[in-house]
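The values are calculated or read from the model by the stated rules, or taken from the named source; none is laboratory data. On a predicted model such as this, the values are computed, not experimentally measured, just so you know. All Cβ positions, glycine included, derive from the backbone under ideal geometry; neighbour counts span all protein chains shown. Accessible surface is based on the protein model in full, side chains and every heavy atom, while ligands, DNA and RNA are left aside. Shrake-Rupley method; radii C 1.70, N 1.55, O 1.52, S 1.80 Å.
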Amino acid sequence: MKMELERIKLIKRVTVTGSIVNLVLSLGKIIAGLIGKSSAMLADGIHSLSDLVTDLIVLMFIGVSGKERDKSHHYGHGKFETFATMLIGFALGLVGIGILWSGTMKIIRFVSGEPILKPGIIALYAAVISILAKEVLFWYTFLAGKKTKSSALKANAWHHRSDAFSSIATALGISGAFFLGESWRILDPLAGIIVSIFILKIGWDAAIPSIKELLETSLPSDVENIISEEIKGTEGVLWFHNLRTRRIGEIIAVDVHIKVDKNLTVEVSHNIATEIEIQLKREFGENSHIGIHIEPFAGFN
């Protein structure tokens, strides 16, 4: 329990740090976008604002996910973190669609004859600062996510990285629009469209695994093969069936029926099941949920 509390504490500290940086960057980039008349920078600023929203989502759900099992949640609260990861994916998707729509409309109007204002140099400065800040924030958050094995924190790290990508595309678009003349100002909204594609891809990658987990999708076949080999390799197991697996946040749950010699005592049969449980927890973590039903062997079925 102490380790889990330390894990939650680290996740919260990293997320709060990220939220402060995102708040400063969001306000700075939106102001720079308005002053510099850059639609790409405005879109980039809104993207940073969405980072702040996902930080708040992580903070809201991560404390709950760390709670131990109770009467209402017999398998713990790990799926609250999965739910937070899914919401981050959805948030990224909405941001990506919004930026894609805005950039596309501006390009259509430009092709129809509507001029695009020259962006100010302040927008370019803001983009460069954002690239540096968000890349540092990505590594800070991602490494903490690996250390804590938090899918929500790792998803949030990629949200930071998507903002760095966003700012790179923004910087290129603003540079082209600023230095290459009026006919090249279409690069500013075009940069926003490129950014949106990055964002949509990262949102998809965050949301889909979370949706699968919430829908009780089985663990990948290679993981189930490892589980099967551990069970078959346990002395006393003559056969097994009804293997069912799923993920609960950052832990796994396994239910299986094993068949043993019908002449074994209850104690010996129980020890066989305990040995399987020990082996699987050694492989997948002490918090894994392992349920083993013992049956007398009466043939391979």
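Summary table
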| item | result |
| --- | --- |
| Virtual paramagnetic centre 7 Å along Cα→Cβ of Lys118, amide N under 14 Å, in region 149-181 | 175-181 |
| Inter-site label distance for Leu23 and Ile294 at 7 Å from Cα along Cβ, in nm | 5.7 nm |
| Whole-Hz couplings from phi, Karplus 6.51/-1.76/1.60, listed for region 174-185; x for Gly and Pro | 5, 4, x, 5, 7, 9, 9, x, 4, 5, 9, 5 |
| For Phe240, residues with placed amide H under 5 Å, excluding near neighbours | Lys259 |
| Distance from region 158-208 to region 248-268 (C-alpha centre basis), Å | 52 Å |
| ³J(HN,Hα) computed for each position of region 163-172 - Karplus, 6.51 cos²θ - 1.76 cosθ + 1.60, integer Hz, glycine/proline x | 5, 5, 4, 4, 5, 5, 4, 4, 4, 5 |
| Sequence-distant residues sharing a close amide H with Arg246 (under 5 Å, placed H) | Leu219, Ala253 |
| Thr234 long-range amide H proximity, modeled H, under 5 Å | none |
| Choice from Gly291, Gly96, Gly45 with maximal GNM fluctuation in the chain (Cα, 10 Å cutoff) | Gly291 |
| Coordinate range along principal axes, alpha carbons of region 237-301, Å, largest first | 39, 23, 14 |
| Among Pro209, Pro119, Pro220, residue whose mean-square fluctuation peaks in a GNM of the chain (springs only between Cα atoms under 10 Å) | Pro220 |
| Using θ = phi - 60° and Karplus 6.51 cos²θ - 1.76 cosθ + 1.60, couplings along region 273-289 (whole Hz; Gly, Pro as x) | 5, 5, 4, 4, 4, 4, 5, 5, 5, 5, 7, 10, x, 5, 8, 4, 9 |
| The chain - percent relative contact order, Cα under 8 Å, separation 6 or more | 19 percent |
| Computed lengthening from Val136 to Thr265, 0.36 nm per intervening residue step minus Cα-Cα distance | 40.5 nm |
| Mean projection area, nm², convex hull over Cα of the chain | 18.6 nm² |
| Cα coordinate range in region 94-224, projected on the principal axes (Å, largest first) | 59, 30, 20 |
| FRET efficiency estimate (nearest 0.05) - Cβ-Cβ, Ile211 to His241, R0 25 angstrom | 0.30 |
| For peptides 271-278, 145-152, 172-179, sequence by mean Cβ density within 10 Å, most packed first | 172-179, 145-152, 271-278 |
| Carbon and sulfur %, accessible surface of the chain computed with the full protein complex present, 1.4 Å | 67 percent |
| Per-pair calculated FRET efficiency, R0 = 41 Å: Glu6 and Phe110 via Cβ, rounded to 0.05 | 0.15 |
